[in-house]
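The structure under discussion appears below in the form of structure tokens.
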Amino acid sequence: MDIEAVKGFLLGLQDRIVARLTDLDGKVFLRDAWERPQGGGGVTRLLEDGGVFERAGVGFSHVFGPGLPPSASAARPELAGRSFQALGLSLVLHPRNPHVPTVHLNVRFFVAEKSGAAPAWWFGGGMDLTPYYLATQDAVHFHRTCKAALVPFGADLYPRFKKWCDGYFYLKHRQEPRGIGGIFFDDLNQPDFDTCFRLMQSVGEHFLPAYIPIVERRLDMAYGERERAFQACRRGRYVEFNLVYDRGTLFGLQSGGRTESILMSLPPVVSWRYDWKPEPGSAEARLYTELLVAKDWAD
């Protein structure tokens, strides 16, 4: 187990992603280093009101404390009360153009320790895509890149992690998925540290190839008030998921993390319209009938 190697990779990945997004957008990211009173800290990189992104947040954190928060020990109650270290990189990009999807990436590493016992460690993470308008080409590309990240580690991983993602990013109270999914995994500690670390690295390194071609393909598509209104309405679903279900948000708040950095994932412009439904046969309706349904996009 090499915590410093994980930290070095995550900080390097943050720098590479921010550099590429800066080239794409043209606006420089704010760099905000912060410390957590209970232990640890992080570096938040944020862009707002850019040419491409209304908000783009890429955050690194390394926090530690005397007891795991409930959200981190829910699946492993035997670890409750152990001291912990948590390292992670998390990003959410909210583009201005409704034809460009919102995207999320998270890669993380946990260590839980107790005197007289071997440390428990595990990796988690994944990425998922939230489009507003139908673009089958984009869905196929995103999922095929996610699959490519996992193939070297076993043919069974992509279908398993895709199914996990579909189940996780689901709004139970609305009975609909947040987007078209991607991959999601947690509690990964087999067969050994080195293999799990390489898998996490592969997921992180495949993010830019998965997403940037989609942005470049859709960036200059025309849109108007109708498309922006639909984007704001669908962003409301994103907010609902992050505040009600997202384990990363819950962990950050329960562990006394920095609120601004935790909630930078929320979109800057959002709306809720009472009992709104798309017009049958419209471009907006196609999101529900053709995208927000379970499909084997990579195939």
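List of remarks:
- Looking across Arg31, Arg82, Arg55, Arg36, one residue alone is farther than 20 Å from Glu260 by Cα and of a type in the set (Lys, Arg). It is Arg82.
- Meets criteria (more than 22 Å from Thr289 (Cα to Cα) and not small (Gly, Ala, Ser)) for Asp187: yes
- Summed over the stretch 107-145, residues that are charged (D, E, K, R) and over 17 Å from the mean Cα position of the chain (by Cα) total 4.
- Whichever residue in the stretch 98-110 is at pLDDT 95 or above and open to solvent by 10 Å² or more (accessible area, probe 1.4 Å) and, among such residues, is farthest from Thr136 (Cα to Cα): Arg108
- Selection status of Thr130, in contact with a Ser or Thr (Cβ under 9 Å, 6 or more places away or on another chain), of a type in the set (Val, Ile, Thr) and farther than 25 Å from Leu87 by Cβ: yes
- Checked against the criterion of being more than 20 Å from Met127 (Cα to Cα), touching a strand residue (DSSP E or B) at 6+ places or on another chain (Cβ under 6 Å) and surrounded by fewer than 20 Cβ atoms within 10 Å (Cβ to Cβ), the candidates Gly8, Gly81, Gly40, Gly26 yield just one match: Gly40.
- The residues of the stretch 263-276 that are open to solvent by 30 Å² or more (accessible area, probe 1.4 Å) and not in a loop (DSSP other than H, G, I, E, B) amount to a single one, Leu263.
- Filter pass, Ala229 being under 25 Å from Pro268 (Cα atoms), open to solvent by 10 Å² or more (accessible area, probe 1.4 Å) and assigned to a loop (DSSP other than H, G, I, E, B): no
- Scanning the stretch 236-249 turns up no residue that is of a type in the set (Lys, Arg), open to solvent by 60 Å² or more (accessible area, probe 1.4 Å) and not in a helix (DSSP H, G or I).
- Within the stretch 78-95, if we keep just the residues that are closer than 23 Å to Gly59 by Cα and out of contact with any Lys or Arg (no Cβ under 9 Å at 6 or more places or on another chain), the residue that is modelled with the lowest pLDDT turns out to be Phe84.
- Filtered residues of the stretch 44-53 (kept if buried (at least 19 other Cβ atoms within 10 Å of the Cβ) and in a strand (DSSP E or B)): Thr44, Arg45, Leu47, Phe53
The values are calculated or read from the model by the stated rules, or taken from the named source; none is laboratory data. Values in this document were obtained by computation on a predicted structure and should not be read as measured data. Using ideal geometry, Cβ is built from the backbone for each residue, glycine included, and neighbour counts are taken over all protein chains shown. Remember, those area values only see protein heavy atoms, side chains included, never the ligands or the DNA or RNA. Shrake-Rupley method; radii C 1.70, N 1.55, O 1.52, S 1.80 Å.
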